[in-house]
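J.: Quick one: structure below, then a few questions.
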Amino acid sequence: LSTIAPLTKASFHRHEEYATLRFAPPTGKERAFGIDRRTPWTTSHLVGYPEPPPAYHIERAFAKLKIVQPVYVIEEPGTNDLLIVQHLGHWAGPGKIVRVKNDPGAESTRTIFEDNELIYSLCFHPRYAENHYLYTLSNGPVNDPNPLNHVTRWTMDPKTGAIDPKSKRVIIEWESNGHNGGGIDFGSDGLLYFATGDTSTDSDRNNRGQDLAHLSSAMIRIDVDHPEGGKNYGVPKDNPFVNTPGVRPEIWAHGFRNPWRQCFDKKTGALWVGQNGQDLWEPIYVVHRGENYGWPVYEGSHAFHSHRKLETRTKLATPVIEHHHSQARSITGGVVYYGDKFPELNGAYVYGDFSTGRIWAARYDGRQVTWHKEIARTTAQITNFYADRHGELFICDDAGDVWKLVPNAMEATPTVPFPRLLSRTGLFSDTARHQVDPGLIPYDVNSPLWSDGASKQRYIALPAGTQIEYTPARGWNFPDGGALVKTFSLDLEEGNPASRRRLETRVMLKQGGNWVGYTYLWNDAQTDATLAPPEGLDQTFTIKDPAAPGGERRQVWHYPSRAECLYCHSRAANFALGLSDLQMNRDFDYGGGRVDNQMRTLEHLGVFKVDVAAAAKEQIKRESHLSDVDVEKLTDTTGQRAGSPSDLLPRSPGELKHLVNPADPAQSLDARARSYLQANCAHCHVEAGGGNASVDLEFTTAANQTRMFGVAPQSNLLGIADAKLVAMGHPEKSVVYHRLATRGPGQMPPAGSNVVDARGAALVREWIERMPASTQPTR
């Protein structure tokens, strides 16, 4: 074990005792495990895809390099070098720019610039070969309580190939209170364009999108070659608001929330902007002079703050593309591709999504999109696209690498067709009796996700000889071919289990490094289930309920689309929602009188593969709230012997945290409510979770760090006066409670549920009601 393994005295002796039990002859006094031995699962037919796979996938651009937190990549004119911007500290800075040969075999990078700011992007002056000017869009200084956004000019030293820090000239700066935008480029007119965000943390509480007196929430167009008026830039005379009283003349267009990446079509001159949406929609615009893109009155083409007033001096414009949050959660604008390597993409706008890792391409004829297609599914947290002069298309991944787009070598039509009947998946030995293959491992969770009253049966399916990579934070890492299986059943007569009917079996499958969700619909005879269409569907059931008018109620059951499965099985939660310490650390009845802790049983079966040093680092990070950089320094093992992977957990289940059952009155009210919010909300509402509210509902987050108590909501107040996310002692003023207790606009979760969880809502209401109104929770 590594010297940094978190071994307490008790856990050290646990490893000793475990080794004794595992390798010593049985005495008959040992506590029985839930399952004696692991049965290999060898019957899987979950291979390939029911529809043709996307035409492309991604591979590492530099096989011999590991690029940490790349946020932007661009080719230096006149060289065969790429400049890569890194943002160390997970969007906290500082910024760093490295130089690397544009060569797949490159073995090293060279740091050419470091700054105490978070650098979003950079561009080169049109006459870079003469003046060596480049421009950065950044935010900082780091740790300054009042940072600013800056466009700064620098000079590249042609002799050293490094940026001269003494050449710094701030061209323009503006306020920063949240969304800062992230794109900068020169147009064919030689003028500098950059997009700014609304400077809020969420839904533009100051209405900057419709306020032209500020540089925020706008596309800015300036002339850096002809300064005037004591500034380091000039205002082009044909900007739409020149000489308009009360309007910043630098504005070219406005109404943006957080425009993340922009690009010019090199042939048509069209200016594309991808924008991070708010509650439900991710829009993409082609930006024109003097137009209004609607935020915050509109989110894309959909009403958002409809009670606010639109700016009347500009024309309202709508997106050319928009994605619902069931498909994308945080759009990263792309590039218009012109290259010989991918002729079928020639002239197409290629873009992706930070949260889902999906990549699309679209063609636009100047009036409308004429072709639009998903071209790749990845696990990358996409922050930037760049097409070089050789036709390569690079993709920056915030998770820590630079990739390039490549054709998908998988067969469009698999040799073995993907199973369209549940009975042919290899998951069940007797489908009609719902008997799973002996190789599947049953499990349950501490705090179940509300699923409109359905009961669930859950199983782990691991190919023979494979293991789960254990991580102490959020979901565990599954091997390719591994699956999570969950059958949903609904009582057609309220309170009568004998009326229970199986509705669907969902299969979350890990394949090719990616997760994908499939839903099988059970037939009326309950003998088999058929693969649902990729777009999903709804079905209405009649439930006998004495409390309903006429003794019956109708319930709509939503079978999710393939994309919707990843709406909750998010990257932030590491996809496998139920497979985590918090949820799995509990006893389970395996039948035959055997009740055992699930994690103890899985450990006994050799299911886990544990990198003890990595687990220790993650644990230290979560418990100390240090940055990645500080954790690496603290846990530096340079010169030590590398530890071997273990199949033993780093701590005993008794030492690990866990959720509680929200319905268990023996548990504390706070633990029950926090466990409920973890299961039902925290797959999005965590740090870097893609949820648009800044609240962090993870169970392990200290209450005073959740940004939940006494905090005003950023959007959709639900008509509540003096609303707070949680108004301590006042559930009637608490948006968190009302969203849970609502179905329709403003509901939480925003998709996948048509029935209020009355018991869950009552729990959260009681939790808020009993809070002392004058005391900030600290747990």
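The values are calculated or read from the model by the stated rules, or taken from the named source; none is laboratory data. Fair warning: this is a prediction, and the values are worked out from it, not measured in the lab. Neighbour counts run over all protein chains shown; Cβ positions are idealised from the backbone, glycine included. SASA here: full protein model, heavy atoms, side chains in, ligands and nucleic acids out. Shrake-Rupley method; radii C 1.70, N 1.55, O 1.52, S 1.80 Å.
J.: Can you find even one residue in the stretch 283-296 that is closer than 24 Å to D365 by Cβ, of a type in the set (S, T, N, Q), touching a Ser or Thr at 6+ places or on another chain (Cβ under 6 Å) and part of a strand (DSSP E or B)?
T.: Checked the stretch 283-296: at least one residue is closer than 24 Å to D365 by Cβ, of a type in the set (S, T, N, Q), touching a Ser or Thr at 6+ places or on another chain (Cβ under 6 Å) and part of a strand (DSSP E or B).
J.: Would a scan of the stretch 551-562 turn up a residue that is among the aliphatic types (A, V, I, L, M), farther than 26 Å from F699 by Cα and either in a helix (DSSP H, G or I) or open to solvent by 20 Å² or more (accessible area, probe 1.4 Å) (or both)?
T.: Yes; the residues of the stretch 551-562 include at least one that is among the aliphatic types (A, V, I, L, M), farther than 26 Å from F699 by Cα and either in a helix (DSSP H, G or I) or open to solvent by 20 Å² or more (accessible area, probe 1.4 Å) (or both).
J.: Here's a follow-up. Which residues, counting only those in the stretch 434-453, are β-branched (V, I, T) and either open to solvent by less than 20 Å² (accessible area, probe 1.4 Å) or without any contact (Cβ under 8 Å) to a residue 40 or more places away in the chain (or both)?
T.: I441, V445
J.: Here is a follow-up. For V320, only one of the following conditions fails: (1) among the aliphatic types (A, V, I, L, M); (2) modelled with pLDDT of 95 or more; (3) open to solvent by less than 30 Å² (accessible area, probe 1.4 Å). What is its number?
T.: (3)
J.: Something else about it: Somewhere in the stretch 470-479, is a residue within 14 Å of D452 (Cα to Cα) and touching a strand residue (DSSP E or B) at 6+ places or on another chain (Cβ under 7 Å)?
T.: no
J.: Are any residues in the stretch 591-608 under 23 Å from T700 (Cβ atoms), open to solvent by 10 Å² or more (accessible area, probe 1.4 Å) and either modelled with pLDDT under 95 or not in a helix (DSSP H, G or I) (or both), and if so, which ones?
T.: Once the filter is applied, which keeps residues that are under 23 Å from T700 (Cβ atoms), open to solvent by 10 Å² or more (accessible area, probe 1.4 Å) and either modelled with pLDDT under 95 or not in a helix (DSSP H, G or I) (or both), the stretch 591-608 yields only N597.
J.: Which count do you get for residues in the stretch 267-292 that are open to solvent by 50 Å² or more (accessible area, probe 1.4 Å) and modelled with pLDDT of 95 or more?
T.: 4
J.: Here's a follow-up. Just a yes or no: is a residue in the stretch 389-406 assigned to a loop (DSSP other than H, G, I, E, B), more than 27 Å from V297 (Cα to Cα) and of a type in the set (K, R)?
T.: yes
J.: Still on this structure, I have one more. Would you confirm whether or not the stretch 50-61 contains a residue that is in a strand (DSSP E or B), open to solvent by less than 20 Å² (accessible area, probe 1.4 Å) and more than 27 Å from T160 (Cβ to Cβ)?
T.: Yes; the residues of the stretch 50-61 include at least one that is in a strand (DSSP E or B), open to solvent by less than 20 Å² (accessible area, probe 1.4 Å) and more than 27 Å from T160 (Cβ to Cβ).
J.: Taking the stretch 648-680 as the search range and keeping residues that are part of a loop (DSSP other than H, G, I, E, B) and modelled with pLDDT under 95, which one is nearest to Q583 (Cα to Cα)?
T.: Ranking the qualifying residues of the stretch 648-680, first place goes to K657.
J.: Under the condition of being more than 24 Å from the chain's Cα centre (by Cα) and of a type in the set (G, A, S), which residue from the stretch 713-743 is farthest from L449 (Cα to Cα)?
T.: A721
J.: Let me ask something else. What residue, among those in the stretch 109-132 that are of a type outside the set (A, V, I, L, M, F, W, C) and touching a residue at least 60 places away in the same chain (Cβ under 8 Å), is nearest to S188 (Cα to Cα)?
T.: Of everything passing the filter in the stretch 109-132, P126 is nearest to S188 (Cα to Cα).
J.: Restrict the check to the stretch 253-261 and report whether at least one residue is of a type in the set (A, V, I, L, M) and open to solvent by 10 Å² or more (accessible area, probe 1.4 Å).
T.: no
J.: A further question on this structure: Restricting attention to the stretch 461-499, which residues are over 26 Å from the mean Cα position of the chain (by Cα) and either part of a strand (DSSP E or B) or of a type in the set (S, T, Y) (or both)?
T.: Correct list: P463, T466, S489, L490, D491, E493, S499.
J.: Now, a different point. Does the stretch 519-532 hold any residues that are out of contact with any helix residue (DSSP H, G or I) (no Cβ under 7 Å at 6 or more places or on another chain) and either closer than 23 Å to R458 by Cβ or surrounded by 14 or more Cβ atoms within 10 Å (Cβ to Cβ) (or both), and which are they?
T.: Within the stretch 519-532, T519, L521, W522, N523, Q526, T527, T530, L531, A532 qualify.
J.: Do we find a residue being under 27 Å from the mean Cα position of the chain (by Cα), buried (at least 20 other Cβ atoms within 10 Å of the Cβ) and polar (S, T, N, Q) anywhere in the stretch 293-306?
T.: no
J.: For the stretch 223-233, does any single residue satisfy the condition of being of a type outside the set (S, T, Y), more than 25 Å from F124 (Cβ to Cβ) and touching a Gly at 6+ places or on another chain (Cβ under 6 Å)?
T.: no
J.: Hey, another quick one. How many residues does the stretch 480-506 contain that are farther than 30 Å from R651 by Cα, in contact with a strand residue (DSSP E or B) (Cβ under 7 Å, 6 or more places away or on another chain) and either among the polar types (S, T, N, Q) or surrounded by 17 or more Cβ atoms within 10 Å (Cβ to Cβ) (or both)?
T.: 11
J.: Could you check how many residues of the stretch 104-115 are outside any strand (DSSP E or B) and either touching a Ser or Thr at 6+ places or on another chain (Cβ under 9 Å) or of a type in the set (A, V, I, L, M, F, W, C) (or both)?
T.: 1
J.: Go through T431, T379, T356 for me and flag whichever is in contact with a Ser or Thr (Cβ under 7 Å, 6 or more places away or on another chain) and open to solvent by 10 Å² or more (accessible area, probe 1.4 Å).
T.: Result of the check over T431, T379, T356: T431.
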